[in-house]
Amino acid sequence: MKDHLDLKAYAKINLGLDVIRKREDGYHEVRMIMQTVNLYDRIEMDRTEDGVIRTETNLPFVPDGEGNLAWRAAKLLLDEKGIKDGVTIKIRKYIPVAAGMAGGSTDAAAVLVGVNRMFDLGFTKKELMERGVKLGADVPYCIMRGTALAEGIGEKLKRLPKVPECYVLVGKPGINVSTKTAYENLNLAGIGKHPDIDGLIRDIEDGDLYAMASKMENVFEPGIIRQYPVIGNIKELMEEKGALKAVMSGSGPTVFGIFDNRDKMAAAARSLRKSGLAKTVFATDIYNRDGGVTNDK
Ligand code: ATP
């Protein structure tokens, strides 16, 4: 049993995102290449003896308590094991919220791993991933981390080889795009050419960064850019400033650009900040450490 844990909850980008079909239950079947990046929320967990789960965040618009996915993650495991103690979860958000970077899902994933460790619950990683999907389709991947193919509703995962070393510039415009809007703007029948997910996998297997970058694509992008041209402007700026390719992550509005050189990325970050197109800009890289270890302070 541990009284205190410091966790890092990492964000993801989608190197490729395709939507295959709408299922009868209303969910969409996807094929996505997921990649963890070195951008994370910090989570502090403290065990309490009053049986209450508390969450606090540094952002007024992120819900506390039941509305917070991290709260629900703790509740799920503590209830299942009949634990009478409580836990206080303090979240410092750095990952842009509602931005296509799995911010809420990764906090939930970190808390699942953290609660398992804090209370010595003995769940395997696979068992945590099975429970995680009840909180959100991306939660199992956020436990797994690294490079992966996600299928089904995002919960069927296959580990892929590490992608070649590269640098990632993240820019989020000051708009909010709900995942619901992204699906509504997606005319599945009208998609002429789907992203080449199998080609992307081959390029990753070959360790070919340039071929990989050239195939990066997100099926949501055209519809969302029509509605929010600023996303297209950020893409253009990143590519003008040397990104091998820039694409939108998840259902947006965050755009990321892949660079083969850190200095080039830093210069592009300066231009992007100066342009005023993005409200939030992060210059980072990919996170390749496997293992789902979250208290690596
Ligand atoms: P995804 O990439 O999985 O679609 P996202 O980046 O679009 O995720 P989140 O950052 O997870 O979206 O936030 C979506 C909503 O979830 C927010 O508007 C917020 O109200 C709610 N939420 C619940 N818990 C959290 C959390 N721990 N961090 C951020 N948002 C949270």
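The values are calculated or read from the model by the stated rules, or taken from the named source; none is laboratory data. Everything numeric in this text was worked out from a predicted model, so none of it was measured. All Cβ positions, even for glycine, are placed from backbone atoms using ideal geometry, and neighbour counts span all protein chains on display. Just so you know, the surface numbers come from the protein's heavy atoms only, side chains and all, with ligands and any DNA or RNA stripped out. Shrake-Rupley method; radii C 1.70, N 1.55, O 1.52, S 1.80 Å.
Quick notes on this structure:
- Per this entry, residue 236 is not counted among residues that are free of Cβ contacts under 8 Å to residues at least 40 places away in the same chain and closer than 30 Å to residue 108 by Cα.
Conditions (1) touching a Cys at 6+ places or on another chain (Cβ under 6 Å); (2) without any contact (Cβ under 8 Å) to a residue 12 or more places away in the chain; (3) buried (at least 16 other Cβ atoms within 10 Å of the Cβ); (4) farther than 27 Å from residue 219 by Cβ, marked per residue:
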residue: 31; (1), (2), (3), (4): no, no, yes, no
residue: 51; (1), (2), (3), (4): no, no, no, yes
residue: 55; (1), (2), (3), (4): no, no, yes, yes
residue: 61; (1), (2), (3), (4): no, no, no, yes
residue: 69; (1), (2), (3), (4): no, no, yes, no
residue: 79; (1), (2), (3), (4): no, yes, no, yes
residue: 91; (1), (2), (3), (4): no, no, yes, yes
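- Tally, over segment 113-141, of residues that are under 13 Å from the mean Cα position of the chain (by Cα) and open to solvent by 10 Å² or more (accessible area, probe 1.4 Å): 3
- Residue count, segment 211-238 (criterion: modelled with pLDDT of 95 or more and over 22 Å from the mean Cα position of the chain (by Cα)): 5
- Here segment 244-257 is the region considered, the condition is being open to solvent by 10 Å² or more (accessible area, probe 1.4 Å) and assigned to a loop (DSSP other than H, G, I, E, B), and the residue that is nearest to the ligand (Cβ to nearest atom) is 251.
- Evaluation of residue 23 against the conditions (1) at pLDDT 95 or above; (2) surrounded by fewer than 24 Cβ atoms within 10 Å (Cβ to Cβ); (3) away from the ligand (no atom under 14 Å from the Cβ); (4) closer than 21 Å to residue 134 by Cα shows that the sole unmet condition is (1).
- Looking only at segment 26-70, and only at residues there that are among the polar types (S, T, N, Q) and within 10 Å of the ligand (Cβ to nearest atom), the one that is farthest from the chain's Cα centre (by Cα): 55
- Pairs meeting the criteria (first residue in segment 205-227 and among the aromatic types (Phe, Trp, Tyr), second residue buried (at least 23 other Cβ atoms within 10 Å of the Cβ), beta carbons under 6 Å, at least 6 apart or on different chains) are 220/182; 220/251.
Results for (1) open to solvent by 20 Å² or more (accessible area, probe 1.4 Å); (2) aromatic (Phe, Trp, Tyr); (3) at pLDDT 95 or above; (4) in contact with a Ser or Thr (Cβ under 8 Å, 6 or more places away or on another chain), shown as yes or no for each residue.
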{"residue": "11", "(1), (2), (3), (4)": "no, no, yes, yes"}
{"residue": "28", "(1), (2), (3), (4)": "yes, no, no, no"}
{"residue": "46", "(1), (2), (3), (4)": "yes, no, yes, yes"}
{"residue": "58", "(1), (2), (3), (4)": "yes, no, yes, no"}
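- Here is the figure for segment 143-176: residues that are more than 23 Å from residue 198 (Cβ to Cβ), open to solvent by less than 10 Å² (accessible area, probe 1.4 Å) and within 13 Å of the ligand (Cβ to nearest atom) total 1.
- Qualifying positions in segment 74-106 - more than 9 Å from the ligand (Cβ to nearest atom) and of a type in the set (Gly, Ala, Ser): 74, 82, 86
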